[in-house]
Each structure stands twice: as C-alpha cells, then as structure tokens.
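One structure is given here, and the rest of the page talks about it.
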Amino acid sequence: MQNPSPTRQTWSSSLTYILTVAGATIGFGATWRFPYLVGENGGGAYVLVFILVMIFVGIPVILVENVIGRYAHKNAVDAFSGFANGKPIPHFAKIIGYFGVLGAFGIMAYYMVIGGWVITYITSILSGELNLSSPIDKELAQSFYNAKIEHNPLMIGIWTTLFVAINWVILKKGIINGIEASMKYLMPLLFICLLIIVIRNLTLPGAMEGVKFYLLPDFSKITAKLFIDVLGQVFFALSLGFGVMITLSSYLQKNENMIKTAVATGVLNTLIALLAGFMIFPSLFSFDLEPSQGPSLVFQTLPIVFSHIYFGNILALIFFLLLITAALTTSLPIYEVIITTLYEKFNISRTNAINITLGFIFICGNLPCILSYGVLDDITWNGKNIFDSFDFISGNILFVLTSLGTLLFVGWILKDEAKKELSNNNTLYPRLVNLWYVYIKYFLPFVIVLIFIAGVFPDTLNKLLRLFTALL
C-alpha cells in the first residue's frame, strides 16, 4: 500500500486489491459451504440459480458496498455517517453498520472452529493417525470424525487457538505488511491446490456422473428454500453484509475503476466455487458416495475418496492445506472489519483492538461453538445447535438484512453522490451507472425482501400470495 495521507492508506495496485478481495471472498464459503449446499439442494439446479444470483444480485451489491466504503473512507460503522448531498446523514443509518459488525462476529464465531477441524485432519494425516494410503470405509471415516471433531473439544480448542494465533500474528503487522503481503502468496497457493485436485478427480472412472449431477439442472428442485440458501451463499461467498467490502474499499484510491474490480471479484468467486464442485462431486460419484451429507460433507466423505486414490495421503494433505489457506484468506479481512471499527471509532491502539476482537470472539463465539457438540449440545435454537445457529443467523438473516440496508442507504440517502463515486465523478460509464442506480434503488430491494420472506418465513409468503390472489 501507499500512504497518500497520514490518516488513510490505499492499496498499492488494482491487482493487489483484487487478490485481497478474492482472498476475502474465497474461503470456506466456496470450498466448504458451497459444495455441501449444492449436494443438499440437488446439484445442477442450485448451481444454475447461484450463477444467476451472482450476476444479478451479487455484483450489483458489491458495487453498493464499494461505493459506501470509498465515499466515506471510514470503518464499517462510521461509513454510514457524515454528509451526503449537502445534508447530514441520519444517525439511525449507523444501525446498518452495526448489523454488519454483528454479522462479522457471527461468522467468526464458528469459522475459526472449522479452521481447528481442518488442522486436526492435517496433523492426523501427518502423524499417521489418519492413514489414507489404503482404502477406508464410511464407518471408519465417520468414527474418526465423531472421535476427533464432535467429541474431542480439548483438541479442537487447542487447534482453534493455534489458528487464532496465526491470524493474530499476521494482523499485528497491519494492512500493509500483514494482509496485503500474505495475499500475494496465499492466493496463488490456493489456485494451485485446487487445480491439482480437480485434474485428478476428473480422470477417475465414473467421474462424469458426478459432473452431470453438478451441472445438469433438475428444475423440480428449485424451491423457496433453495433461493434463500443461494442468496445467503452469494452474500457469504462475496463477503457481503458484514462490512468486509466496505472496509477493504475504504482503502481504495479515488481513481480506481470499481466496476472492473467488482466484475473481477464476482467472476473469480464464481470460478473458484465451480472449481470446488469439480473438486468434490466427480469423486463422490466415482465411489458411489452420498452427496447430500450436509456440513460434514468435506470431513466425512472426502477422506474415503482420497483413500481410494493413488498417493491419497499426499492429495488429502494438499486438500486440507487448501482449506486452511482459504480460511486464512477470509478470516483476516473479517477480523479487520471489527478491528478497524474499534480503533478508529473508540480511539484505541491497533494492538488493543486486535486483542479485544480476537479475545472476545474466542470466549463468546469460538468456545461455545466448540462445546456445542459436547457439554452444550442441549442448547438449541429452531432445532439447531449453537454452531449451526451462528451459521444460519449470520448467513441467512444478518447478511441479507445488512445488504438490504446498504441498498436503501445508497439508493435513498447517498443518491447522486453514489453515482458520482461509482462513475469517478461522471467520467466512467455514466449510462451504465444510472441503470445500476435505478436497479439497486427500486428493483433489487424488492427482490431481496421477497426471497428473504420466502426462505425464512414461507408460511407468511403463502398467506400474502393468497391475499393478493383474493384481491385480484
């Protein structure tokens, strides 16, 4: 990064920013969450809807958060303050920012624990405790998962603490020497790992059946639940609705072409998610395994696959290194959302902000999630344990509501300032920007509200539809 002023840094280049954003958006969302949701929702139908929502919802909302971040050059809460069009921004607008920070806490509560799971598999493979050099069956894979993940809170706690500590070391170096420098090495490593496994999977016997399941849509699978799952996944995958894009774009230079970077972000994320599917489904069908395993898909199913492949231990090690790399490239910017808010808003040192953020999330989020499969397994919400509740509330509720708030903020409060910001003061694509503005102001909020009601409150939507039909 360069530092044009003593108070606010900027990214050293467009490529560095795109790589950092790609790292923030290509984490467990693409490599863990996307594949299991595809498996749960019938394959190709989910993929088709995901691509459409990415184009018509994801990329426009990226631009919304980019505009907010660069216009304000502030943290994810104070970005919703100041002046717009010569008038003070209403104080209540900050609620949107606080919702985003709350969403960031919600995702980090369980996200870091998954990192602990991954490190457990890495160390078990290295020590020989999980030996994938010869075929294993479903019972052995499930037994290992139950013993080492669900019923071993002490070890998961240790590895989660290690993962938090790695993040702490990098965050201590700051945006310049920490996140930006790390992404230059982590992102290429992620792509290399992905390609190795995808190429091997596509050469397995029977792999094309998995490709068909993955790419050929069964339109009978398209339901209201699928749409809310897709919408939540797009926001999760693009790091929308929890302050990441606002925070990262607050470091953008004023002459940056945000439309190009947003399109690049959407395309990269979609490609990585699609690659993750090719990394998983061909091998599942090659060995006649069930794709609808849910959140445990990666951890219970893929070790079986690797055990039936030459050099299975090595490929499994590469895969889980990929997962932890993806997790790290995402966790750093999400932590940064809360850290930046604390030290800018409350005028405390960056070191104290880091310690408070990581410590609070560990005690109030990570530990309860670790224990949700043990001593706290009787604490549930809507049939979900603490771990799954954090995932559902943050991914399907907070992210969606915060994104809706950003749309209303840009469309009805920033107004012309938003168009000037996106078009670099009317020098870039003015007609396209005007079309985007009308789209995000009037149409997109309606679509998001409809999908949200359909997915989270399906009975309410059915009643509204019956009322509308009766009025006609």
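Is there a residue being part of a helix (DSSP H, G or I), among the aliphatic types (A, V, I, L, M), modelled with pLDDT under 85 and closer than 19 Å to Gln300 by Cβ anywhere in the range 170-188? No, the range 170-188 contains no residue that is part of a helix (DSSP H, G or I), among the aliphatic types (A, V, I, L, M), modelled with pLDDT under 85 and closer than 19 Å to Gln300 by Cβ.
Filter the range 329-347 down to the residues that are open to solvent by 50 Å² or more (accessible area, probe 1.4 Å) and at pLDDT 90 or above and list them by number. Full working, then the answer.
The initial filter retains those residues of the range 329-347 that are open to solvent by 50 Å² or more (accessible area, probe 1.4 Å), namely 343-347.
Residues satisfying the conditions do not exist here.
A single member of Leu130, Leu140 is in a loop (DSSP other than H, G, I, E, B), more than 21 Å from the chain's Cα centre (by Cα) and surrounded by 14 or more Cβ atoms within 10 Å (Cβ to Cβ), and it is Leu130.
Scanning the range 376-388 for residues that are open to solvent by 10 Å² or more (accessible area, probe 1.4 Å), under 18 Å from Ile149 (Cβ atoms) and either within 23 Å of the chain's Cα centre (by Cα) or touching a residue at least 12 places away in the same chain (Cβ under 8 Å) (or both) yields a total of 4. Considering the range 402-452, the residues that are among the small types (Gly, Ala, Ser) and within 19 Å of Val57 (Cβ to Cβ) include one that is surrounded by the most Cβ atoms within 10 Å (Cβ to Cβ), namely Ser403. Taking the range 306-325 on its own, how many of its residues are in contact (Cβ under 8 Å) with a residue 60 or more places away in the chain and over 21 Å from the mean Cα position of the chain (by Cα)? Here the count works out to 10.
Do we have Val169 as under 26 Å from Ile334 (Cβ atoms) and surrounded by fewer than 16 Cβ atoms within 10 Å (Cβ to Cβ) here? Spelling it out, Val169 is indeed under 26 Å from Ile334 (Cβ atoms) and surrounded by fewer than 16 Cβ atoms within 10 Å (Cβ to Cβ). Whenever a residue of the range 127-140 is over 10 Å from Pro303 (Cβ atoms), its partners that are of a type in the set (Phe, Trp, Tyr), lying with C-beta atoms within less than 9 angstrom and at least six residues away or across chains, give the pairs Glu129/Phe144; Ser133/Phe311.
Could you check, for the range 240-256, whether at least one of its residues is of a type in the set (Phe, Trp, Tyr) and within 29 Å of Lys94 (Cβ to Cβ)? So that I can check it myself, show each step before the final result.
So in the range 240-256, the residues of a type in the set (Phe, Trp, Tyr) come out as 242, 251.
The next check asks that each one be within 29 Å of Lys94 (Cβ to Cβ); those that pass are 242, 251.
Within the range 240-256, one or more residues are of a type in the set (Phe, Trp, Tyr) and within 29 Å of Lys94 (Cβ to Cβ).
Selection of the range 206-247 for residues being in contact with a helix residue (DSSP H, G or I) (Cβ under 6 Å, 6 or more places away or on another chain), over 19 Å from Phe392 (Cα atoms) and not hydrophobic (A, V, I, L, M, F, W, C) yields Gly206, Glu209, Gly210, Tyr214, Pro217, Asp218, Lys221, Thr247.
The values are calculated or read from the model by the stated rules, or taken from the named source; none is laboratory data. Note that the coordinates shown come from a computational prediction; the quantities given were computed from them, not determined experimentally. Cβ: placed from backbone, ideal geometry, glycine included. Neighbour counts: every protein chain shown. Each accessible area value is taken on the protein alone, full model and side chains, heavy atoms only, with ligands, DNA and RNA left out. Shrake-Rupley method; radii C 1.70, N 1.55, O 1.52, S 1.80 Å.
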